[in-house]
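Asker: Submitted below is the structure of interest, expressed as structure tokens.
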Amino acid sequence: LFTALLHDCGKPTVRTLENGIVRTRNHAAESAKQAEMILGELGIEPVVGKRIVDLIRFHSHPAKMLNAGPDLDIDEELRKLSQSVELPLLFTFSRADNLGTISDGREHRLEWLDTLENRAKAKSLFF
């Protein structure tokens, strides 16, 4: 629940307007920073807080991987990602986040999440 509530809390801090388009680059990192502070103030157990903050920090990473281009080593990126966050939770949350948006490319992003999840399972990165 805290992940869903706080995952975009940093957007107002990093929001810019570029050629009439609102951008929120690096909002995941800023949201993670703010969430860590909020969770600490709420007295959330540190181990639980870290899991929440890690999900927030990496919730945009699957979409970044989609847009990274053909030179990205997807399997290596998934391996590194699995060392930082629980992939089953990340993919579940990223899927929910995408389902909550109305934007072009949503179906493509959801298919990409399925592809990443299947690759992670095939590489035994789900635990």
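The values are calculated or read from the model by the stated rules, or taken from the named source; none is laboratory data. On a predicted model such as this, the values are computed, not experimentally measured, just so you know. Heads up, the Cβs are rebuilt from the backbone with ideal geometry, glycines too, and the neighbour counts pull from every protein chain shown. These accessible areas exclude ligands, DNA and RNA; they are computed on the full protein's heavy atoms, side chains included. Shrake-Rupley method; radii C 1.70, N 1.55, O 1.52, S 1.80 Å.
Asker: Here's a check for you: in region 6-48, which residue that is within 21 Å of Phe93 (Cα to Cα), in a helix (DSSP H, G or I) and acidic (Asp, Glu) is farthest from the chain's Cα centre (by Cα)?
Answerer: For region 6-48, the residue satisfying everything is Glu36.
Asker: When both residues are 6+ apart or on different chains and their Cβ atoms are under 6 Å apart, which pairs have a first residue that lies in region 78-98 and is closer than 19 Å to Gly49 by Cα, and a second that is open to solvent by 30 Å² or more (accessible area, probe 1.4 Å) and not in a helix (DSSP H, G or I)?
Answerer: Leu87/Phe126; Pro88/Phe126
Asker: Right, another one. Scan region 51-70 and tell me whether some residue there is out of contact with any Leu (no Cβ under 6 Å at 6 or more places or on another chain), at positive phi and open to solvent by less than 50 Å² (accessible area, probe 1.4 Å).
Answerer: Looking for residues that are out of contact with any Leu (no Cβ under 6 Å at 6 or more places or on another chain), at positive phi and open to solvent by less than 50 Å² (accessible area, probe 1.4 Å), one finds at least one in region 51-70, hence yes.
Asker: Quick one: would you say Leu113 is in contact with a Lys or Arg (Cβ under 7 Å, 6 or more places away or on another chain) and not small (Gly, Ala, Ser)?
Answerer: yes
Asker: Next question. Starting from region 53-64, take each residue that is closer than 12 Å to Asp8 by Cα and list its partners that are open to solvent by less than 40 Å² (accessible area, probe 1.4 Å) and not in a helix (DSSP H, G or I), counting only C-beta distances under 8 angstrom and pairs at least six apart or across chains.
Answerer: If the second residue must be open to solvent by less than 40 Å² (accessible area, probe 1.4 Å) and not in a helix (DSSP H, G or I), the pairs left are Leu55/His7; Leu55/Val85; Ile56/His7; Arg57/Val85; Phe58/Val85; His59/His7.
Asker: What do you reckon, is Arg106 under 22 Å from Leu1 (Cβ atoms), surrounded by 13 or more Cβ atoms within 10 Å (Cβ to Cβ) and either free of Cβ contacts under 8 Å to residues at least 40 places away in the same chain or of a type in the set (A, V, I, L, M, F, W, C) (or both)? Steps first, please.
Answerer: Details: under 22 Å from Leu1 (Cβ atoms): no; surrounded by 13 or more Cβ atoms within 10 Å (Cβ to Cβ): yes; either free of Cβ contacts under 8 Å to residues at least 40 places away in the same chain or of a type in the set (A, V, I, L, M, F, W, C) (or both): yes.
Against the criterion (under 22 Å from Leu1 (Cβ atoms), surrounded by 13 or more Cβ atoms within 10 Å (Cβ to Cβ) and either free of Cβ contacts under 8 Å to residues at least 40 places away in the same chain or of a type in the set (A, V, I, L, M, F, W, C) (or both)), Arg106 does not qualify.
Asker: A follow-up question, please. Check whether at least one residue in region 94-101 is closer than 23 Å to Leu6 by Cβ, assigned to a helix (DSSP H, G or I) and acidic (Asp, Glu), and report yes or no.
Answerer: Yes, that holds for at least one residue.
Asker: Could you grab me the full set of residues in region 113-127 that are more than 24 Å from Phe2 (Cα to Cα), open to solvent by less than 40 Å² (accessible area, probe 1.4 Å) and either part of a helix (DSSP H, G or I) or free of Cβ contacts under 8 Å to residues at least 12 places away in the same chain (or both)?
Answerer: Leu116, Ala120
Asker: Right, here's the next one. Every residue in region 12-50 that is surrounded by 17 or more Cβ atoms within 10 Å (Cβ to Cβ), in contact with a His (Cβ under 9 Å, 6 or more places away or on another chain) and either of a type in the set (S, T, N, Q) or over 24 Å from Leu116 (Cβ atoms) (or both), please.
Answerer: Ser31
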